[in-house]
Amino acid sequence: MEIQAAKKVLKDYFGYDSFRPMQEDIIRNVLQNQNVLVLMPTGGGKSLCYQVPALVKPGICVVVSPLIALMKDQVEALRENGVPADFLNSTQTPREQEIIENNCYDGKLKMLYVSPEKLLSNGFFSFLKRLQINLFAIDEAHCISAWGHDFRPEYTQLKYIKEQFPEVPVIALTAPADKLTRQDILQQLLLHEPKTFVSS
(Lines give C-alpha, C1' and ligand atoms only; values in the text may rest on other atoms or scores of the structure.)
Protein backbone atom coordinates (compact mmCIF):
# COMPACT_ATOMS: atom_id res chain seq x y z
CA MET A 1 0.00 0.00 0.00
CA GLU A 2 2.74 2.44 1.00
CA ILE A 3 4.69 1.67 -2.16
CA GLN A 4 1.62 2.70 -4.19
CA ALA A 5 1.58 5.98 -2.26
CA ALA A 6 5.31 6.34 -3.03
CA LYS A 7 4.66 5.84 -6.76
CA LYS A 8 1.93 8.49 -6.62
CA VAL A 9 4.32 10.93 -4.90
CA LEU A 10 6.97 10.14 -7.54
CA LYS A 11 4.51 11.00 -10.32
CA ASP A 12 2.71 13.95 -8.67
CA TYR A 13 5.77 15.81 -7.36
CA PHE A 14 8.68 14.66 -9.52
CA GLY A 15 6.95 13.73 -12.78
CA TYR A 16 8.39 10.20 -13.10
CA ASP A 17 6.26 7.18 -13.98
CA SER A 18 8.51 4.59 -12.37
CA PHE A 19 11.48 4.20 -10.04
CA ARG A 20 15.01 3.52 -11.24
CA PRO A 21 16.59 0.18 -10.31
CA MET A 22 17.12 -0.07 -6.54
CA GLN A 23 15.15 3.09 -5.68
CA GLU A 24 11.96 1.15 -5.03
CA ASP A 25 13.69 -1.38 -2.73
CA ILE A 26 15.42 1.41 -0.80
CA ILE A 27 12.17 3.37 -0.40
CA ARG A 28 10.27 0.24 0.66
CA ASN A 29 12.84 -0.36 3.44
CA VAL A 30 12.73 3.25 4.61
CA LEU A 31 8.92 3.12 4.72
CA GLN A 32 9.27 0.03 6.94
CA ASN A 33 11.42 2.11 9.35
CA GLN A 34 14.65 0.31 8.46
CA ASN A 35 18.03 2.04 8.71
CA VAL A 36 19.59 2.13 5.25
CA LEU A 37 23.00 2.83 3.71
CA VAL A 38 22.90 3.81 0.02
CA LEU A 39 26.01 3.91 -2.17
CA MET A 40 25.12 5.42 -5.51
CA PRO A 41 27.01 7.55 -8.03
CA THR A 42 26.13 11.23 -8.42
CA GLY A 43 23.16 11.55 -10.74
CA GLY A 44 21.90 8.09 -9.79
CA GLY A 45 18.79 9.42 -8.09
CA LYS A 46 19.98 9.29 -4.46
CA SER A 47 17.89 12.20 -3.21
CA LEU A 48 14.58 10.62 -4.28
CA CYS A 49 15.42 7.72 -1.93
CA TYR A 50 14.66 9.98 1.05
CA GLN A 51 12.48 12.69 -0.52
CA VAL A 52 9.77 10.26 -1.62
CA PRO A 53 9.36 8.44 1.76
CA ALA A 54 9.49 11.82 3.52
CA LEU A 55 6.43 12.88 1.55
CA VAL A 56 4.59 9.58 2.11
CA LYS A 57 5.10 9.43 5.89
CA PRO A 58 3.41 11.89 8.28
CA GLY A 59 5.82 14.41 9.80
CA ILE A 60 9.02 16.05 8.62
CA CYS A 61 12.31 14.71 7.25
CA VAL A 62 15.58 16.25 8.49
CA VAL A 63 18.39 16.17 5.92
CA VAL A 64 21.97 16.73 7.10
CA SER A 65 24.04 18.16 4.25
CA PRO A 66 27.58 19.59 4.43
CA LEU A 67 27.33 21.85 1.38
CA ILE A 68 25.34 25.06 1.84
CA ALA A 69 25.15 25.78 -1.93
CA LEU A 70 23.82 22.27 -2.64
CA MET A 71 21.30 22.57 0.20
CA LYS A 72 19.97 25.81 -1.30
CA ASP A 73 19.71 24.25 -4.78
CA GLN A 74 17.86 21.19 -3.48
CA VAL A 75 15.38 23.28 -1.49
CA GLU A 76 14.68 25.51 -4.51
CA ALA A 77 14.16 22.44 -6.74
CA LEU A 78 11.79 20.88 -4.19
CA ARG A 79 9.77 24.08 -3.88
CA GLU A 80 9.45 24.29 -7.66
CA ASN A 81 7.94 20.77 -7.48
CA GLY A 82 5.47 21.91 -4.85
CA VAL A 83 7.25 20.34 -1.86
CA PRO A 84 7.27 22.56 1.27
CA ALA A 85 11.00 22.56 2.11
CA ASP A 86 13.50 24.89 3.77
CA PHE A 87 17.00 24.95 5.23
CA LEU A 88 18.74 26.20 8.37
CA ASN A 89 22.40 27.19 8.31
CA SER A 90 24.87 29.89 9.30
CA THR A 91 24.00 32.19 6.37
CA GLN A 92 20.64 33.17 7.94
CA THR A 93 19.81 35.79 10.57
CA PRO A 94 18.34 34.62 13.92
CA ARG A 95 14.99 36.12 12.83
CA GLU A 96 14.99 34.15 9.56
CA GLN A 97 15.81 30.97 11.47
CA GLU A 98 13.04 31.64 13.97
CA ILE A 99 10.44 31.95 11.18
CA ILE A 100 11.57 28.61 9.69
CA GLU A 101 11.50 26.91 13.11
CA ASN A 102 7.95 28.19 13.65
CA ASN A 103 6.95 26.78 10.25
CA CYS A 104 8.30 23.42 11.44
CA TYR A 105 6.28 23.60 14.66
CA ASP A 106 3.15 24.44 12.65
CA GLY A 107 3.64 21.43 10.37
CA LYS A 108 4.09 23.62 7.30
CA LEU A 109 7.29 21.91 6.11
CA LYS A 110 7.94 18.34 4.91
CA MET A 111 11.73 18.64 4.43
CA LEU A 112 14.26 20.55 6.53
CA TYR A 113 17.89 20.69 5.39
CA VAL A 114 20.48 21.49 8.06
CA SER A 115 24.26 21.72 8.16
CA PRO A 116 26.00 19.37 10.63
CA GLU A 117 27.16 22.46 12.58
CA LYS A 118 23.55 23.62 12.92
CA LEU A 119 22.34 20.14 13.93
CA LEU A 120 24.94 20.00 16.71
CA SER A 121 24.50 23.60 17.85
CA ASN A 122 23.25 24.41 21.32
CA GLY A 123 19.59 23.57 21.91
CA PHE A 124 18.94 22.22 18.42
CA PHE A 125 18.06 18.71 19.59
CA SER A 126 15.44 20.14 22.00
CA PHE A 127 13.93 21.95 19.00
CA LEU A 128 13.87 18.68 17.02
CA LYS A 129 12.27 16.82 19.97
CA ARG A 130 9.21 19.04 19.54
CA LEU A 131 8.70 17.93 15.92
CA GLN A 132 7.25 14.75 14.43
CA ILE A 133 10.35 13.56 12.57
CA ASN A 134 9.71 10.76 10.08
CA LEU A 135 13.28 10.29 8.79
CA PHE A 136 16.86 11.50 9.13
CA ALA A 137 18.85 11.58 5.87
CA ILE A 138 22.64 11.95 6.06
CA ASP A 139 23.86 13.18 2.69
CA GLU A 140 27.55 12.87 1.67
CA ALA A 141 27.90 10.29 4.46
CA HIS A 142 31.55 9.59 3.54
CA CYS A 143 32.35 12.85 5.40
CA ILE A 144 31.87 10.83 8.61
CA SER A 145 34.74 8.46 7.94
CA ALA A 146 38.37 9.21 8.70
CA TRP A 147 39.04 6.87 5.75
CA GLY A 148 36.96 9.09 3.44
CA HIS A 149 38.61 11.74 1.27
CA ASP A 150 36.46 14.56 2.65
CA PHE A 151 36.52 13.91 6.41
CA ARG A 152 34.68 16.47 8.56
CA PRO A 153 35.18 16.25 12.34
CA GLU A 154 31.65 17.51 13.14
CA TYR A 155 30.22 14.59 11.16
CA THR A 156 31.59 12.19 13.78
CA GLN A 157 29.09 13.66 16.26
CA LEU A 158 26.13 12.51 14.17
CA LYS A 159 25.84 9.40 16.36
CA TYR A 160 23.80 11.64 18.66
CA ILE A 161 20.93 11.32 16.16
CA LYS A 162 20.46 7.62 16.96
CA GLU A 163 21.07 8.22 20.66
CA GLN A 164 18.41 10.93 20.81
CA PHE A 165 15.96 9.42 18.28
CA PRO A 166 16.38 5.63 18.46
CA GLU A 167 12.97 5.00 16.83
CA VAL A 168 13.42 7.26 13.79
CA PRO A 169 14.95 5.56 10.72
CA VAL A 170 18.22 6.93 9.31
CA ILE A 171 19.22 6.77 5.65
CA ALA A 172 22.90 7.49 4.96
CA LEU A 173 23.81 8.27 1.35
CA THR A 174 27.13 8.61 -0.41
CA ALA A 175 28.94 7.90 -3.65
CA PRO A 176 30.40 4.37 -3.90
CA ALA A 177 32.93 3.83 -1.08
CA ASP A 178 35.32 1.05 -0.08
CA LYS A 179 34.44 -1.53 2.57
CA LEU A 180 36.45 0.21 5.31
CA THR A 181 34.66 3.53 4.75
CA ARG A 182 31.29 1.75 4.66
CA GLN A 183 31.89 -0.01 7.99
CA ASP A 184 33.11 3.23 9.49
CA ILE A 185 29.94 5.08 8.39
CA LEU A 186 27.72 2.42 9.99
CA GLN A 187 29.71 2.36 13.23
CA GLN A 188 29.88 6.14 13.54
CA LEU A 189 26.13 6.51 12.96
CA LEU A 190 25.29 3.63 15.35
CA LEU A 191 23.20 1.98 12.64
CA HIS A 192 22.25 -1.48 13.84
CA GLU A 193 21.79 -4.15 11.14
CA PRO A 194 21.04 -1.65 8.37
CA LYS A 195 20.15 -2.60 4.83
CA THR A 196 22.99 -1.70 2.44
CA PHE A 197 22.38 -0.92 -1.22
CA VAL A 198 25.31 -0.59 -3.62
CA SER A 199 24.76 0.67 -7.15
CA SER A 200 27.53 -0.27 -9.55
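Of note:
Conditions (1) aromatic (F, W, Y); (2) open to solvent by less than 20 Å² (accessible area, probe 1.4 Å); (3) under 23 Å from G59 (Cα atoms), marked per residue:
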site: M111; (1), (2), (3): no, yes, yes
site: P116; (1), (2), (3): no, yes, yes
site: F124; (1), (2), (3): yes, yes, yes
site: F127; (1), (2), (3): yes, yes, yes
site: R130; (1), (2), (3): no, no, yes
site: Q157; (1), (2), (3): no, no, no
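- Contact map, the range 83-97: first residue under 13 Å from L109 (Cβ atoms), second residue modelled with pLDDT of 95 or more and acidic (D, E), Cβ cut-off under 8 Å, separation 6 or more or different chains; pairs are L88/E101.
- The range 48-69, residues that are over 17 Å from I3 (Cβ atoms) and free of Cβ contacts under 8 Å to residues at least 60 places away in the same chain: I68, A69
- Selection within the range 1-33 - within 15 Å of F197 (Cα to Cα), assigned to a helix (DSSP H, G or I) and either among the acidic types (D, E) or open to solvent by 70 Å² or more (accessible area, probe 1.4 Å) (or both): E24, D25, R28
- Test: residue in the range 47-55 that is in contact with a strand residue (DSSP E or B) (Cβ under 8 Å, 6 or more places away or on another chain), open to solvent by 40 Å² or more (accessible area, probe 1.4 Å), outside any strand (DSSP E or B) and closer than 27 Å to C143 by Cα: no
- When A177, A172, A137 are checked against the criterion of being among the small types (G, A, S), within 19 Å of N35 (Cα to Cα), modelled with pLDDT under 90 and open to solvent by less than 70 Å² (accessible area, probe 1.4 Å), a single residue qualifies: A177.
- In the range 180-200, residue surrounded by the fewest Cβ atoms within 10 Å (Cβ to Cβ) [restricted to those that are more than 17 Å from F151 (Cβ to Cβ) and of a type outside the set (S, T, N, Q)]: E193
- Residue list for the range 56-87, restricted to those being within 27 Å of D17 (Cβ to Cβ), open to solvent by 10 Å² or more (accessible area, probe 1.4 Å), touching a helix residue (DSSP H, G or I) at 6+ places or on another chain (Cβ under 9 Å) and not in a loop (DSSP other than H, G, I, E, B): V56, Q74
- Count of the range 1-60 residues which are under 16 Å from the mean Cα position of the chain (by Cα), over 18 Å from A172 (Cα atoms) and among the aliphatic types (A, V, I, L, M): 1
- T181 fulfils the conditions (1) in contact with a Ser or Thr (Cβ under 6 Å, 6 or more places away or on another chain); (2) within 17 Å of V63 (Cβ to Cβ) except for a single criterion, (2).
- Tally of residues being farther than 21 Å from Q51 by Cα and in contact (Cβ under 8 Å) with a residue 60 or more places away in the chain across the range 116-142: 0
The values are calculated or read from the model by the stated rules, or taken from the named source; none is laboratory data. Only a predicted model underlies this, so the values are computations on that prediction, with no experimental measurement involved. Here the Cβ is made from the backbone with ideal geometry for all residues, glycine too, and neighbour counts use every protein chain on show. The area values use the complete protein model at the heavy-atom level, side chains included, leaving out ligands, DNA and RNA. Shrake-Rupley method; radii C 1.70, N 1.55, O 1.52, S 1.80 Å.
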